[in-house]
Amino acid sequence: MAGGGMTRSARAVPVLMYHHISTSPGMITVSPDHFAAQMAYLANAGYTTIGSMQLAAYLAGEPLPKKSVMLTFDDGYLDNWVHAHPVLQAHGLTALCFLVTSWIGEGRAPARARSGAALPPLLNHRDGEMAIENGESDRAILRWSEIDAMREAGTFEFHSHTHSHVRWDQMSADADDKCARLARDLIDSRTTLKARLGAASDHLCCPQGYYDDDYRRVAIQAGFRHFYTCEAGSNYPGNDDNAVRSITRLEVRDRPTSWLASRLWVHTRPAISRTYLKIKR
């Protein structure tokens with residue numbers, strides 16, 4: 001980026017939100033074929049995928065390449081290893097994954113796509129939810145072995161999606177109890193990430209991207225400063241105060257490359273993005 005100057009810097013950075021990349025269709029799922037085409041488009045069109053530290057620096061005023069984009073994956077599903085990781089690796093792209101730390105198990109990593117080996121069965125979203133509820137998260141969620149392999153390959157970095165994936169505002173009518181349980185949840189998540197990965201960042205995605213004033217206050221006290229939402233939009237320097245940032249994201253649909261290209265065209269242009277969102281709302 002040195003010598004590029006602000007005229008060549010990104011005016012806005014879209015953050016894309018994925019969940020499942022899977023051959024088992026269902027909610028919040030992109031097919032492997034569409035995902036592969038979307039990633040090929042990003043690579044061939046000259047997009048740069050950025051990490052958490054680059055986004056934080058950009059929001060604080062540092063420049064980024066003009067066509068910068070961030071990829072995020074929520075929940076840490078097994079199919080992220082099976083189908084997303086090999087495609088990202090093939091194109092030299094990177095992504096963030098937000099982990100629910102109580103769901104992650106031990107064991108050897110299963111086969112992934114493009115390896116030539118038989119792939120593990122993948123659950124659709126609803127069946128995965130039921131497996132997790134029944135204490136069988138290993139059927140749906142990444143293991144630490146896969147997480148370690150993805151980190152080593154440089155395709156994914158991993159951040160907190162809380163420890164339990166519970167909306168505490170929906171579980172307790174008492175504000176003090178809600179905050180105490182949320183604080184414990186966030187501490188458990190950070191403790192687990194530090195023990196398994198060596199560090200826990202200040203980037204957090206709460207379940208459903210939900211943050212009320214209590215959530216933000218408790219999360220800040222727990223050491224988080226970057227809050228990933230499910231609100232649509234792009235991201236610009238100076239959106240919030242420099243200490244705490246809310247990050248908007250674009251949910252990626254199971255659509256052809258042309259659909260993604262049109263969204264990126266809109267949301268890398270601040271005036272057009274704001275107008276589009278105002279009309280849509």
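Numerical summary
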{"item": "Pick from the range 1-46, criterion hydroxyl-bearing (Ser, Thr, Tyr) and under 11 Å from Leu64 (Cα atoms), ranking: modelled with the lowest pLDDT", "result": "Thr7"}
{"item": "The range 29-59, subset assigned to a loop (DSSP other than H, G, I, E, B) and not polar (S, T, N, Q), residue nearest to Arg269 (Cα to Cα)", "result": "Tyr47"}
{"item": "Any hit, the range 110-132, residues being closer than 27 Å to Arg184 by Cβ, of a type outside the set (Gly, Ala, Ser), part of a helix (DSSP H, G or I) and without any contact (Cβ under 8 Å) to a residue 24 or more places away in the chain", "result": "yes"}
{"item": "Condition broken by Met53, with the remaining ones in (1) more than 17 Å from the chain's Cα centre (by Cα); (2) without any contact (Cβ under 8 Å) to a residue 12 or more places away in the chain satisfied", "result": "(1)"}
{"item": "Flag if Glu146 is under 19 Å from the mean Cα position of the chain (by Cα), surrounded by fewer than 17 Cβ atoms within 10 Å (Cβ to Cβ) and assigned to a helix (DSSP H, G or I)", "result": "no"}
{"item": "Single residue of the range 170-189 satisfying the filter (over 22 Å from the mean Cα position of the chain (by Cα), outside any loop (DSSP other than H, G, I, E, B) and not charged (D, E, K, R)) that is farthest from Ala222 (Cα to Cα)", "result": "Gln170"}
{"item": "Candidate set: the range 212-245, residues that are at pLDDT 95 or above and among the hydroxyl-bearing types (Ser, Thr, Tyr); chosen: the one nearest to Tyr58 (Cα to Cα)", "result": "Ser234"}
{"item": "Residue among Ala180, Ala200 that is out of contact with any Cys (no Cβ under 7 Å at 6 or more places or on another chain), of a type in the set (A, V, I, L, M) and crowded, with 21+ Cβ neighbours inside 10 Å", "result": "Ala200"}
{"item": "Scan of the range 105-143 for residues that are within 18 Å of the chain's Cα centre (by Cα) and more than 17 Å from Ser24 (Cα to Cα), ordered by number", "result": "Arg143"}
{"item": "Single unsatisfied condition, Ser52 versus (1) surrounded by fewer than 22 Cβ atoms within 10 Å (Cβ to Cβ); (2) on the phi > 0 side of the Ramachandran plot; (3) modelled with pLDDT of 95 or more", "result": "(2)"}
{"item": "Qualifying residue in the range 236-251 (condition: more than 22 Å from His203 (Cβ to Cβ), among the aromatic types (Phe, Trp, Tyr) and touching a helix residue (DSSP H, G or I) at 6+ places or on another chain (Cβ under 9 Å))", "result": "no"}
{"item": "Residue tally, condition buried (at least 19 other Cβ atoms within 10 Å of the Cβ) and assigned to a strand (DSSP E or B), over the range 60-99", "result": "14"}
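The values are calculated or read from the model by the stated rules, or taken from the named source; none is laboratory data. A quick note: this is a predicted structure, and the numbers were derived from the prediction, not measured. Glycine also receives a Cβ, built like all others from the backbone with ideal geometry; neighbour counts cover every protein chain displayed.
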